[in-house]
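The values are calculated or read from the model by the stated rules, or taken from the named source; none is laboratory data. Computed from a predicted structure; not experimentally measured. Neighbour counts run over all protein chains shown; Cβ positions are idealised from the backbone, glycine included. For accessibility, only protein heavy atoms count, side chains too; no ligands or nucleic acids. Shrake-Rupley method; radii C 1.70, N 1.55, O 1.52, S 1.80 Å.
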Amino acid sequence: MIGLLHTRSIGADVERVDGRAKVTGAAAYAFDQPVENPAYLHPVRSAVARGRVTGLDTAAAEAADGVLAVLTHRNAPRLASTDDTELAVLQDDAVAFHGQFVAAVVAETPEAARRAAALVAVEYAGEPHDVVLSADRDDLYAAQEPEEHGDVDAAIAAAAVVHDATYTTPPEFNNPMEPHTSVAVWDDGGLTVYESTQGVHTVRPVLAEVFGLDPERVRVIARYVGGGFGSKGTVHANVVLAGLAARALPGRPVKFALTRQDMFRVAGYRTPTVQRVRLAADADGRLTAVEHDVVEQSARIKEFVEGCTKPTRGMYAAPNRRYRQRMATLDVPVTSWMRAPGECPGMFALESAMDEAAIACGLDPVEFRVRNDTRTDPDSGKPFSTRNLVACLREGARRFGWEGRDPAPGVRRDGDWLVGTGVAGSCYPVISDPGSAAVVRYGADGRYQVSIGAADIGTGAWTALTQIAADALRVPMDRIDLRIGDSALPRATVAGGSSGTTNWGTAVVEAARAFRDQHGVHPREGDEARGEMRENTAKEHYAMSAYGAQFAEVRVHAGTGEVRVQRMVGVFAVGRIVNARTARSQLLGGMVMGVSMALHEHGVRDPRFGHVVNHDLAEYHVAANADIGDMEAVWIEEEDPHVNPMGTKGIGEIGIVGAAAAIANAAHHATGVRVRDLPLTTDAFVR
Amino acid sequence: MEVDITLRVDGEDRPLRVDTRTTLLDALRERLGVTAPKKGCDHGQCGSCTVLVNGRRATSCLTFAVAHEDDEVTTAAGLADGDRLHPVQQAFLDHDGYQCGFCTPGQICSAVGMLDELKKGWPSHATADLTGPVDADDDEIRERMSGNLCRCGAYAGIVAAIREAAR
Ligand code: FES
Ligand code: FES
């Protein structure tokens, strides 16, 4: 058991320490950096989805006003490593997807760069491409060995109730409001990059390897980051292209922001999924078998597997279980992390299937879930460190007013609107990775400087880490001077997997404890101590996960099929809350993205050319203010002494997990129409 | 082609020479170093670049700088009165109407402009009675703020903040 921190600042409702800078526009994101004499990069993208570049005419671009350099695979600096094929930018003539970078112009102004990029003439030898995913393809390969516990077929044969259906989710694009951005300077044989990233220490080693530099000669800075939701958690081609241009123009800061359209080409996205779920239950509504069979796509140049079966492994008890995950390799851009990769689409399928199975068993969907709760992790047999799924379901039902719900679908009407309610469970594992470090230093001003190379992408890390440092040092928050977002600071893991507070917070606590051990409570100026996050050995004995339950009231217009999410209640069991104000925003933010996923998000790839047709925010809809009704996110008290010294479980992703299923389930209750293919567009309801 | 113009930005005269292709947003950000308005799409689809032009909200990516000679441009950086935040800014802090903060300067300018539109009685799609004064109820706020996307999904806080600032 870990000694849980005594809390004073932790748990309070605290205004963000970076709030003033944000509401006044003073917070400087990557592109806002006031660099001297910048140059601007504009890329040229491939017009074919597969083939080779056979001709390049750059003369007109080079002759255009203000142009400093035109980079192509013929003249771009050679990279030291091309092992990561996604990052082998302008190294050869191969084209692996539509929209890939095939050239770039660097010029004195953004206008000149853009104009000259249009003057680069590229010829291609196109090859037939293949960008269409389906579960019937004969070339699917197994991303992992199919796995079975018990005997699923026998359980299904003997079951009182069997539910068997296929659910699909479309390609979804992260689209943080800040496009991926780099300001890169090559100076004295080193590279400095102001980057919009979820991890400065994630970017640094990658750039060092790709450019063949000592990591000490690469510095990455990201004090403010305009969202990421996973897309800025790994390094994409744009960062390397900015570095190449900077190397070609030593001393000159090169600014490169992806256009919104580029965000649909090179910034990663969520694979479409086809998921067959089979559930078997006995006459009492107890699950006897669970099967989850997933088909996804991956890019030809780099594999990424979205682990949709992960949540199914731990969510409900069932002695017989089978998981299968197969992939198609296509001529598409690289798929990558998007908020709750695996859990998010996986739980749309599982929690929709649970709703259907509850109905088939004649049980209330809350009761059905409660009945199938488990005290031990079904796969590993380990007990949970804490698990309060049932408490979330009960508390959510109470707050939402679920009791007395008439299960009959399609019978409630309010004027022209059909009204229904739905529920879904949420889960997200407690992810912890060792290796983050922090340094505490006592300054002349009587303040404690706390340094860690973490990133705040909107999560509230600036504030949460300040609170944690204050409690660990037993001083008020205003005595803490936090430094994050710079690879010159101690190593920190990526802001991903809802693990930031666990990993960085633990490092801060360790550093604070070391500081007090070494220097006591009356330190002298310059006293300093370092602490590191180590492997949490409790993981050997316990399964660790956060849980939640989401309830939605949905209206579907009887004439037009328009779907509105009138209200939602999310109740979460996520360990201790560090900052009540920012935590609520994070959970709500996940739920809002879940509404967006349920109602709008659908990237449409044109099979003829291989590009995303609706590649901007006018046509790829994300939830706007008027899409969001009354939303409530609350949590239940949960003390978990096994997860980390703060007792936190991670809250960045769980809000999106299950939200779309709750909405689809409510839409079914409203109309009697079961939509298994996201998003819930009007055509599904108009018959 | 380049033209000499003067923009009045956050109360200060800012003479500059601009390429006629330069948007107001790029002139502010890349030429004048005024980086409060952000570029989220460059196509008028997200609202991150919202500023007030002579008091009315405008997406600065959708208009050329050269068209704004002598116009009064107010960004989120120009709303505070010294150290005293504008009431809308303070309400955003109090209600946590933001997370990453990237859409926030645009949201705040949009809210300030929108509250003025409400005061003038301009109706919106959500207004039931087109003849009387318009209330700043939640549906009005949601409708009028829907040109400002927030991918962090801070809408609940944004609506609460504007509701309070409207009082
Ligand atoms: S940047 Fe102007 S509306 Fe998006
Ligand atoms: S606060 Fe991040 S996009 Fe609105």
### Output for the stretch A:539-589, where each listed residue is within 14 Å of chain B (Cβ to nearest Cβ) and free of Cβ contacts under 8 Å to residues at least 60 places away in the same chain
A:Arg584
## Note on the structure
Within the stretch A:381-414, restricting to residues that are part of a strand (DSSP E or B) and open to solvent by 40 Å² or more (accessible area, probe 1.4 Å), the one that is farthest from A:Ala360 (Cα to Cα) is A:Pro383
### Message
Could you list, ordered by first residue, the pairs with Cβ atoms under 8 Å in which the first is in the stretch B:89-113 and in the same structural domain as B:Thr59 (by TED's automatic domain parsing) and the second is buried (at least 24 other Cβ atoms within 10 Å of the Cβ) and among the aromatic types (Phe, Trp, Tyr), at least 6 apart or interchain?
### Response
none
### Query
Which of the following residues is farther than 28 Å from A:Ser298 by Cβ and modelled with pLDDT under 95: A:Gly55, A:Gly3?
A:Gly3
#### Entry: Search result, residues across the stretch B:30-51 that are surrounded by fewer than 22 Cβ atoms within 10 Å (Cβ to Cβ) and either part of a loop (DSSP other than H, G, I, E, B) or more than 7 Å from chain A (Cβ to nearest Cβ) (or both)
B:Arg31, B:Leu32, B:Gly33, B:His43, B:Gly44, B:Gln45
### Query
How do the strands (runs of 3 or more DSSP E) wholly within the stretch A:1-99 filter down when requiring 1 or more residues that are over 30 Å from A:Phe609 (Cβ atoms): which remain?
A:39-45, A:67-72
### Query
Can you tell me which residue in the stretch B:6-29 is surrounded by the most Cβ atoms within 10 Å (Cβ to Cβ), limited to those that are within 24 Å of A:Gly19 (Cα to Cα) and within 16 Å of ligand 1 (Cβ to nearest atom)?
B:Leu28
### Hits in the stretch A:305-317 - residues which are farther than 22 Å from A:Asp138 by Cβ, open to solvent by 10 Å² or more (accessible area, probe 1.4 Å) and not small (Gly, Ala, Ser)
A:Lys310, A:Arg313
### Query
Taking the stretch B:129-147, which residues are within 16 Å of ligand 1 (Cβ to nearest atom) and within 7 Å of chain A (Cβ to nearest Cβ)?
B:Met145, B:Ser146
### Query
Is there a residue being in contact with a helix residue (DSSP H, G or I) (Cβ under 6 Å, 6 or more places away or on another chain), touching a residue at least 60 places away in the same chain (Cβ under 8 Å) and part of a loop (DSSP other than H, G, I, E, B) anywhere in the stretch A:434-449?
yes
### Message
Just the residues that are in contact with a Lys or Arg (Cβ under 7 Å, 6 or more places away or on another chain) and open to solvent by less than 10 Å² (accessible area, probe 1.4 Å), please, taken from the stretch B:136-158.
### Response
B:Ile141
### Query
If you go through the stretch B:36-56 one residue at a time, how many are farther than 23 Å from A:Glu619 by Cβ and more than 16 Å from ligand 2 (Cβ to nearest atom)?
6
### Message
With the structure loaded, tell me whether B:Asp81 is on the phi > 0 side of the Ramachandran plot and away from ligand 1 (no atom under 16 Å from the Cβ) or whether it fails that test.
### Response
no
### Query
So which helices (runs of 4 or more DSSP H) are wholly in the stretch B:60-167 and hold at least 1 residues that are within 14 Å of ligand 2 (Cβ to nearest atom) and within 15 Å of the chain's Cα centre (by Cα)?
B:87-94, B:104-119, B:155-166
#### Entry: Condition broken by A:Asp606, with the remaining ones in (1) among the acidic types (Asp, Glu); (2) within 14 Å of chain B (Cβ to nearest Cβ); (3) within 28 Å of A:Met263 (Cβ to Cβ) satisfied
(2)
### Task
Scan the stretch A:246-268 for residues that are open to solvent by less than 20 Å² (accessible area, probe 1.4 Å), away from chain B (no Cβ under 14 Å) and either at pLDDT below 95 or touching a strand residue (DSSP E or B) at 6+ places or on another chain (Cβ under 8 Å) (or both) and jot them down.
A:Ala246, A:Val266
### Query
A:Tyr224 is checked against (1) more than 14 Å from every other protein chain (Cβ to nearest Cβ); (2) open to solvent by 10 Å² or more (accessible area, probe 1.4 Å) and fails just one. What number does that condition carry?
(1)
### Message
Being in the same structural domain as A:Ala660 (by TED's automatic domain parsing), of a type outside the set (Val, Ile, Thr) and not in a strand (DSSP E or B) is true for just one of A:Gly594, A:Gly570. Which residue is that?
### Response
A:Gly594
### Query
Which residue pairs have Cβ atoms closer than 7 Å, lie 6 or more positions apart in sequence or on different chains, and pair a first residue in the stretch A:599-617 that is in a loop (DSSP other than H, G, I, E, B) and within 16 Å of ligand 1 (Cβ to nearest atom) with a second residue that is among the basic types (Lys, Arg) and open to solvent by less than 20 Å² (accessible area, probe 1.4 Å)?
A:Asp616/A:Arg260; A:Leu617/A:Arg260
### Task
Of all residues in the stretch A:319-376, count the ones that are among the hydrophobic types (A, V, I, L, M, F, W, C), in a loop (DSSP other than H, G, I, E, B) and under 25 Å from A:Pro607 (Cβ atoms).
3
## Note on the structure
A careful count of residues in the stretch B:54-66 that are open to solvent by less than 70 Å² (accessible area, probe 1.4 Å) and more than 13 Å from ligand 1 (Cβ to nearest atom) gives 3
### Task
Could you tell me which of the residues A:Val161, A:Val152 is more than 14 Å from chain B (Cβ to nearest Cβ), touching a Gly at 6+ places or on another chain (Cβ under 9 Å) and crowded, with 19+ Cβ neighbours inside 10 Å?
A:Val161
### Query
If you check A:Val494 against the conditions, is it β-branched (Val, Ile, Thr) and either surrounded by fewer than 18 Cβ atoms within 10 Å (Cβ to Cβ) or in a loop (DSSP other than H, G, I, E, B) (or both)?
yes
### Task
Tell me, yes or no, whether the stretch A:504-527 has at least one residue that is hydroxyl-bearing (Ser, Thr, Tyr), part of a helix (DSSP H, G or I) and either in contact with a helix residue (DSSP H, G or I) (Cβ under 7 Å, 6 or more places away or on another chain) or over 26 Å from A:Ala633 (Cβ atoms) (or both).
no
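Residue-by-condition table, conditions (1) within 14 Å of chain B (Cβ to nearest Cβ); (2) among the aromatic types (Phe, Trp, Tyr); (3) open to solvent by 60 Å² or more (accessible area, probe 1.4 Å):
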position: A:Ala28; (1), (2), (3): yes, no, no
position: A:Ser46; (1), (2), (3): no, no, no
position: A:Arg50; (1), (2), (3): no, no, yes
position: A:Ala76; (1), (2), (3): no, no, no
position: A:Ser81; (1), (2), (3): no, no, no
position: A:Leu90; (1), (2), (3): no, no, no
position: A:Ala94; (1), (2), (3): no, no, no
position: A:Phe97; (1), (2), (3): no, yes, no
### Query
For the stretch A:627-649, which residues satisfy the criterion of being under 16 Å from A:Ala391 (Cβ atoms) and not small (Gly, Ala, Ser)?
A:Val634, A:Trp635, A:Ile636, A:Glu637, A:Glu638, A:Glu639, A:Asp640, A:Lys649
### Query
Got a number for residues in the stretch B:19-29 being at the interface with another protein chain (Cβ under 7 Å from one of its Cβ atoms) and of a type outside the set (D, E, K, R)?
1
